Amino acid sequence: MKKEIEIRKIFDLALNNHREKNFINAIKYYKKVLKINPSHFDSNYLLGTLYLQNQRFSEAKIKLEKAIKIKPNHAALCNNMGATLVELKEFKEAINFFKKTISIQPNFAQAYNNIGSILKEQEQHREAINYFQKAVELQPGLQEANLNLGIAYKELGKIEKSIFYFKKIIE
């Protein structure tokens with residue numbers, strides 16, 4: 001019981017520092033929690049997310065993998081792992097994690113957009129459009145998906161459709 005209280009206090013310090021964007025201290029406290037309990041889900045997940053946000057992708061992958069072993073069906077975690085893998089140029093695995101995100105939470109618009117972004121970069125514009133459209137259907141105000149639709153349609157030479165989505169961004 002005493003150990004759990006200690007973990008809770010340290011974790012709260014980590015979380016508060018994370019929220020305040022005091023990342024150095026947040027990392028220090030998350031690591032302290034993990035030293036006491038290496039299987040602490042929230043510390044692995046949030047430390048991995050913090051590493052992702054700070055472009056420390058290899059470290060993010062390690063922590064997010066640990067978190068996934070603990071809670072494999074956590075949608076936001078799977079999406080963050082996918083985003084990490086994109087940055088590490090592991091596109092096939094990234095798509096698998098984004099698809100897993102969608103299987104867990106079918107209305108997770110960002111995951112559809114993320115798959116579309118990979119396909120767009122691979123010049124698979126038609127396939128990408130399907131994912132971008134689903135993202136916009138689920139979350140019409142998702143600017144990134146509207147922008148991606150505009151770009152993908154432009155690449156296919158469909159200028160009117162491209163302009164339509166570009167205009168949605170500035171409206």
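The values are calculated or read from the model by the stated rules, or taken from the named source; none is laboratory data. Keep in mind it's a predicted model, so treat the numbers as computed, not measured. Glycine gets a Cβ as well: all are built from the backbone with ideal geometry, and neighbour counts include every protein chain shown. Keep in mind that these areas ignore ligands, DNA and RNA; they rest on the heavy atoms of the full protein, side chains included. Shrake-Rupley method; radii C 1.70, N 1.55, O 1.52, S 1.80 Å.
Here are the numbers for this structure:
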item	result
Cα-based equivalent ellipsoid, region 8-70: semi-axes from gyration tensor eigenvalues, Å	16, 15, 8
Exceeding the 25 Å Cα-Cα cut-off - candidates 100/167; 2/32; 28/99; 100/158	100/167; 28/99; 100/158
Against the rule of thumb 2.2 N^0.38 Å, how large the Cα Rg of region 71-171 comes out	1.05
Two-decimal Rg to Rh for the chain - Kirkwood Rh, Cα set	1.08
Measure of compaction for region 29-111 (Cα Rg per 2.2 N^0.38 Å)	1.03
Fraction of accessible area attributable to carbon and sulfur, the chain (%, probe 1.4 Å)	52
Size of electric dipole in the chain: Cβ of Lys, Arg +1 and of Asp, Glu -1, about Cα centre, debye, nearest 20	620
For region 151-168, Karplus couplings with θ = phi - 60° (6.51, -1.76, 1.60), whole Hz, Gly/Pro x	5, 5, 5, 4, 5, 8, x, 9, 5, 4, 5, 4, 4, 3, 6, 5, 5, 4
Region 1-79 and region 134-171: distance between their alpha carbon centers, rounded to Å	35
Karplus-derived 3J(HN,Hα), 6.51/-1.76/1.60, for each residue of region 103-112, Hz, glycine and proline x	5, 7, 9, x, 9, 7, 4, 4, 5, 4
Accessible surface, the chain, averaged per residue in Å² (probe 1.4 Å)	58
